[in-house]
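What follows is one structure encoded as structure tokens, with my remarks underneath.
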Amino acid sequence: MTPKYLGRSIRKISLKTGEKRIFTNAECNYSYRNSFFKEPENKGKFYIVNVVYRLSKQAEYHLEYENIRDYLAGKPVSLQTVREAVIDIRKSKLPDPEKTGNAGSFFMNPYISVNHFQKLKNNYSDIPFYPFNEKFVKIPAAWLIEKCGLKGLTEGGAAVHDKHALIIINQNHATGREIALLAEKIVETVKNKFDIELQPEVNYI
């Protein structure tokens, strides 16, 4: 979904002063997995009461992900079939949160320079990527982690999910420290192998 459809306005309350205010879409400063409310100086300072959306009456299909394209190969593309594709793909790869504790995607997909990408492609011809602009491309964090052979890696009761490398699961009463240590190992390994530093998507408390 493009930013123009995300939160046309947001009503929030300051946790410090109790002041109520409406933020416009532009003021929310949306970007990839980020917003005004996730910036370090604003994190934890506001309580969002409600959000107003503007939805398009015309379907917009985002089929740039290979798994979705493969699922829909030979099938008609419609709201229903895209919905089914997303649900079935997620069920096949992601752990059921009712059975296995997890925080969803643990790391954000990194952006790297085109020059950096070309150097990596010389060694990894199968590296997936999504063009961002003339200077940067986005690389799937899951591919980087899997290519490092980290699926199934454990730290105490925490583990990298064996079906989706972007997911850290609590498989045996993991502590917050164990999860953090496992994440640190992932970041360090990917950095050493690809010279790419992954950034957590989750918030540490």
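The values are calculated or read from the model by the stated rules, or taken from the named source; none is laboratory data. What you are looking at is a predicted structure, and each value in this text was computed from that prediction instead of being measured. As a convention, Cβ positions derive from the backbone with ideal geometry for all residues, glycine included, and neighbour counts pool all protein chains shown.
Among the residues making up segment 113-163, those that are in contact with a strand residue (DSSP E or B) (Cβ under 7 Å, 6 or more places away or on another chain) and farther than 28 Å from residue 177 by Cα are 113, 114, 117, 129, 130, 131, 132, 135, 136, 137, 138.
Residues in segment 168-179 that are touching a Phe, Trp or Tyr at 6+ places or on another chain (Cβ under 9 Å), buried (at least 17 other Cβ atoms within 10 Å of the Cβ) and assigned to a helix (DSSP H, G or I): 1 in all. Scanning segment 1-32 for residues that are assigned to a loop (DSSP other than H, G, I, E, B), at pLDDT 80 or above and under 23 Å from the mean Cα position of the chain (by Cα) gives 29, 30.
Of the residues making up segment 188-205, those that are assigned to a helix (DSSP H, G or I) and touching a residue at least 40 places away in the same chain (Cβ under 8 Å) number 4.
Among residues of segment 141-170 that are in contact (Cβ under 8 Å) with a residue 24 or more places away in the chain, those with a Cβ under 6 angstrom from a residue that is of a type in the set (Val, Ile, Thr) and surrounded by fewer than 20 Cβ atoms within 10 Å (Cβ to Cβ), sequence gap 6+ or separate chain, pair up as 148/189; 169/100.
Residues satisfying the criterion are absent from segment 115-123 (criterion: part of a strand (DSSP E or B), surrounded by 15 or more Cβ atoms within 10 Å (Cβ to Cβ) and of a type outside the set (Gly, Ala, Ser)). Checked against the criterion of being more than 16 Å from residue 104 (Cβ to Cβ) and over 19 Å from the mean Cα position of the chain (by Cα), segment 195-203 has at least one qualifying residue.
So, residue 75, is that one free of Cβ contacts under 8 Å to residues at least 40 places away in the same chain, closer than 23 Å to residue 176 by Cα and over 18 Å from the mean Cα position of the chain (by Cα) or not? For residue 75, the condition - free of Cβ contacts under 8 Å to residues at least 40 places away in the same chain, closer than 23 Å to residue 176 by Cα and over 18 Å from the mean Cα position of the chain (by Cα) - is not met.
Taken over segment 78-91, the criterion of being exposed (fewer than 11 other Cβ atoms within 10 Å of the Cβ) and either in a loop (DSSP other than H, G, I, E, B) or under 23 Å from the mean Cα position of the chain (by Cα) (or both) is satisfied by 79, 83, 87, 91.
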